[in-house]
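J.: So that we are looking at the same thing, I have put the structure below in structure tokens.
Please treat every number below as a calculation from the coordinates, not as lab data. Values in this document were obtained by computation on a predicted structure and should not be read as measured data. Methodologically, a virtual Cβ is constructed for each residue, glycine included, from the backbone with ideal geometry; neighbour enumeration extends over all protein chains shown.
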Amino acid sequence: MPLIRILAVGFLIIVSQPVLALQTLEPSRARLSRGEHQVVINDVRLWYRVAGRATGTPVVFLHGGPGQGSQSFAYFVGPFLERHNRMIYLDQRGAGRSERPWNEAYSIDLMVDDLEALRRAWRVPRIAVVGHSFGTILALEYASRYPNRVAHVVVAGSAPDIPAAFDIQCAQLERDDPPAYARAVAAKPEGWTARCDMTRAYRGAEGERILTSFMFPNPETANLLKEADERGGLRNTGVVGGVLFRQGLLTYRFTHPENVRAPLLVIAGSRDRQAVPQPQRALARAVSNGRIVEYEGAGHFMWVEQPERFARDVSAFLHGN
């Protein structure tokens, strides 16, 4: 799956190195002590790291990508969130330090099941979830399916309605560059539900540059993120994203906001042209206990641009302030 294709929906694909060798535990022995752990869940070895406070409701970070891994979020925001929270940085199946199943067993449903199986293995009644980009889909679906098991939900750069986001992108493209919009309309694949296919508007390096700018209004943010990912030696193969895209990820809509009982905080970047703010505002309105905070001038990775503010807002929300 070409990088330019992935960037069109604001999901960052970056490639992974071999999994580190750690002791593997069965689900019944999954630990919540500080440090790195591995546990077999649904026949796949999942890696996670516990940090911060030793007690309290676990706060599970669900990374984007699909397949990006948790390392960058832990690097930028972790030191601030860990002051007040019991953090768990989870690498989803196929990402980061977790196992890549030989049969490419990836789906939204399966990843949601992984999270619930982990909660049971940790033997805690509820968890809080913080999702970014693709991870917001997992957070929303988990909160909808297991409403009694979720204390709080935070979604940043969320993707509750991908076709609607595409339509907004296309409308902007029509205003800014009519010839490019015409190309994007003419090149729509069969069955494409949005009014145009943004990935077909430009070609080659120009297309990659423009679509990358949709996530990173400040190019330095992209450099900072790249450095953080490379520091851990973890990059993304793109396999997880490829499988999910073939399953129809680009048509995803969150259809059961009424099932979300936990308080919901939506954090959006005002200049994020991938996970555009409008569907995120609609999500906050649709959930009975939802609200939104928009970071003026921020892009898709607002937690890289403003990590202390992000941690402050999330911690205040999690603790009811």
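J.: It is to be established whether one or more residues within the range 66-84 are at positive phi and assigned to a strand (DSSP E or B).
T.: The first filter runs over the range 66-84 and keeps only residues at positive phi, leaving 67, 69.
Among the residues that remain, those that are also assigned to a strand (DSSP E or B) are: none.
No, because not a single residue in the range 66-84 is at positive phi and assigned to a strand (DSSP E or B).
J.: Would you point out which residue out of 272, 229 is part of a helix (DSSP H, G or I) and touching a residue at least 40 places away in the same chain (Cβ under 8 Å)? Before you say what the answer is, go through the steps one by one.
T.: On the way: 272 fails: part of a helix (DSSP H, G or I).
Result: 229 is the single residue among 272, 229 that is part of a helix (DSSP H, G or I) and touching a residue at least 40 places away in the same chain (Cβ under 8 Å).
J.: Still on this structure: Exactly one of these conditions fails for residue 315: (1) crowded, with 16+ Cβ neighbours inside 10 Å; (2) in a loop (DSSP other than H, G, I, E, B); (3) more than 18 Å from the chain's Cα centre (by Cα); (4) not charged (D, E, K, R). Give me its number.
T.: Every condition holds for residue 315 apart from (2).
J.: Restricting attention to the range 128-173, which residues are over 30 Å from residue 184 (Cα atoms), hydrophobic (A, V, I, L, M, F, W, C) and over 17 Å from the mean Cα position of the chain (by Cα)?
T.: Across the range 128-173, the qualifying residues are 150, 151.
J.: When you check residue 206 against the structure, is it farther than 30 Å from residue 256 by Cα, exposed (fewer than 14 other Cβ atoms within 10 Å of the Cβ) and acidic (Asp, Glu), yes or no?
T.: Details: farther than 30 Å from residue 256 by Cα: yes; exposed (fewer than 14 other Cβ atoms within 10 Å of the Cβ): yes; acidic (Asp, Glu): yes.
Taking the combined requirement at face value, the residue satisfies it.
J.: Test residue 282 against the criterion of being out of contact with any Lys or Arg (no Cβ under 9 Å at 6 or more places or on another chain), under 24 Å from residue 253 (Cα atoms) and either of a type in the set (A, V, I, L, M, F, W, C) or assigned to a helix (DSSP H, G or I) (or both), and give yes or no. If you could, list the steps in order and put the result at the bottom.
T.: On the way: out of contact with any Lys or Arg (no Cβ under 9 Å at 6 or more places or on another chain): yes; under 24 Å from residue 253 (Cα atoms): yes; either of a type in the set (A, V, I, L, M, F, W, C) or assigned to a helix (DSSP H, G or I) (or both): yes.
So residue 282 passes the test.
J.: Is it true that residue 94 is of a type in the set (Gly, Ala, Ser), more than 24 Å from residue 262 (Cβ to Cβ), within 12 Å of the chain's Cα centre (by Cα) and outside any strand (DSSP E or B)?
T.: Numbers: of a type in the set (Gly, Ala, Ser): yes; more than 24 Å from residue 262 (Cβ to Cβ): yes; within 12 Å of the chain's Cα centre (by Cα): no; outside any strand (DSSP E or B): yes.
So residue 94 fails the test.
J.: Look at the range 98-140 and say how many of its residues are buried (at least 22 other Cβ atoms within 10 Å of the Cβ) and farther than 22 Å from residue 303 by Cα. It would help to see each step written out before you state the result.
T.: We begin by selecting, within the range 98-140, every residue buried (at least 22 other Cβ atoms within 10 Å of the Cβ); these are 98, 106, 111, 115, 118, 127-140.
Next, from what is left, pick out any that are farther than 22 Å from residue 303 by Cα: 98, 106, 111, 115, 118.
Adding up the residues that qualify gives 5.
Yes/no per residue for (1) out of contact with any strand residue (DSSP E or B) (no Cβ under 8 Å at 6 or more places or on another chain); (2) among the aliphatic types (A, V, I, L, M):
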position	(1), (2)
225	yes, yes
228	yes, yes
240	yes, yes
243	yes, yes
251	yes, no
278	yes, no
290	no, no
298	no, yes
